[in-house]
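Since the structure comes first, as structure tokens, the remarks are kept for the end.
The values are calculated or read from the model by the stated rules, or taken from the named source; none is laboratory data. In this text, all values refer to a predicted model and were calculated from it rather than measured experimentally. Here Cβ is always computed from backbone atoms with ideal geometry, including for glycine, and neighbour counts include all displayed protein chains. Keep in mind that these areas ignore ligands, DNA and RNA; they rest on the heavy atoms of the full protein, side chains included. Shrake-Rupley method; radii C 1.70, N 1.55, O 1.52, S 1.80 Å.
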Amino acid sequence: MTAVTSTRWPGMLVAATIAAVATAVPMLLSRLPEPVAGLPVSPILVAILLGLLFSGRARIHRGWHSGMAYAAGPMLKLAVMLIGLRLSLAEVAELGIQAAPMVIGAVATGLFLAWLLGRLLGTGDRLTALLAVGSAICGASAVAATAPALKARPEETAYALACVALFGLAATVFYPWLLGAWLADPGHVGLVLGAAIHDTSQVTAAALLFEQSFGTPEVVAAATVTKLLRNLSMLIVIPAVVWWATRAAREELRRPAFPMFILGFLALAALRTAGDHWFAGHEAWSAALSAAAGLSAYLFAVAMAAIGMAISVAALRQLGMRPALVALSTALGMGAVALVLVNFAGG
């Protein structure tokens, strides 16, 4: 265990350092004269950009890879779980009811568009299936859960992961600004982010970017609950997609593992509910919630720095641009459907 942990430190230290710099940048800018001081700069956005700048170095320093994977995996899941302390169970249920129609519509749209465009462009059943689950459900986690059951080739898995990373990262950066201009209700912004962006890390990072830029904390809660509902759909959708993609070979289905961090999120929401009942108005409870929110935001910056460093466009060149067109069109279609459906969501 000690040896494994020691191999993680170099990559984790680089990601943590980038996140610390990214967290300091907005504070330093706020001390400069206007209009620079008024720029809505988010630590999440800075962490992504700095991570991308270091991606070339990360490919050279293979010793960083284990720590980068840990930062983008367990540390990210901890950050998502800590968001549970922002919500009571009643708020989770209320947001879940609002988000359910959007999740169903967005997931169905993503699966249908990927299937249709994959057939039209001839991308092959396996790669089409990976692009479908990666876009419609939960990004890299869905691709990783589906690829073994499909017996996908390494280049197909890498391509799907590259599409999730690149297009999801683009959505993380641009969707908050576009939705801020198009939607007046921050809660609706969160619903669309949760329904339309690929990966859990990207959704929460986009929501935090919006919160840090515009001072609207409710967007993070709405985005997180919506995305976690999408994640739960993997228990039904992934076996169905695998069956479709391997129907000719009659492969045995492998049931995807339950995303356990969702239980952690709900447990911390329950803790928030109990804490608000027993310790409402206590400074120590308020300070603990504030510290948890700060830790969550920092861990997200660490994870986004690690994800940015892992980005590579090389995988996109291996199989041509037609599958990328499928992935991009699917993502944009899901965003368009989410924008339409959010108008019917309860306010």
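Odds and ends about this structure:
- Dipole of the chain [Lys/Arg +1, Asp/Glu -1 at C-beta], most positive-end residue of 88, 240, 183: 240
- Think of each Lys and Arg Cβ as +1 and each Asp and Glu Cβ as -1; about the Cα centre, that makes the dipole of the chain roughly 1180 debye.
- Farthest positive-ward along the stretch 101-208 dipole, Cα basis, beta-carbon charges - from 202, 116, 167: 116
- Highest-MSF residue in the chain out of 189, 237, 203 [GNM, Cα springs under 10 Å]: 237
- Alpha-carbon centroid distance for the pair the stretch 279-339 / the stretch 200-240, whole angstrom: 8 Å
- Whole-percent carbon and sulfur share, accessible surface of the chain, 1.4 Å: 70 percent
- Residue 274-residue 184 pseudo-label distance in nm [points 7 Å out on the Cα-to-Cβ vector]: 4.2 nm
- Calculated FRET value between residue 100 and residue 9, using beta carbons and R₀ = 30 Å, to 0.05: 0.10
- Considering only 84, 110, 320, the mean-square fluctuation computed in a Gaussian network model of the chain, springs between alpha carbons under 10 angstrom, is largest for 320.
- For the chain: accessible area per residue (Å², 1.4 Å): 45 Å²
- Packing around the peptides 41-53, 129-141, taken as the average count of other Cβ atoms within 10 Å per residue, puts them in this order, highest first: 129-141, 41-53.
- GNM flexibility winner over the chain from 124, 11, 194 (Cα, springs under 10 Å): 124
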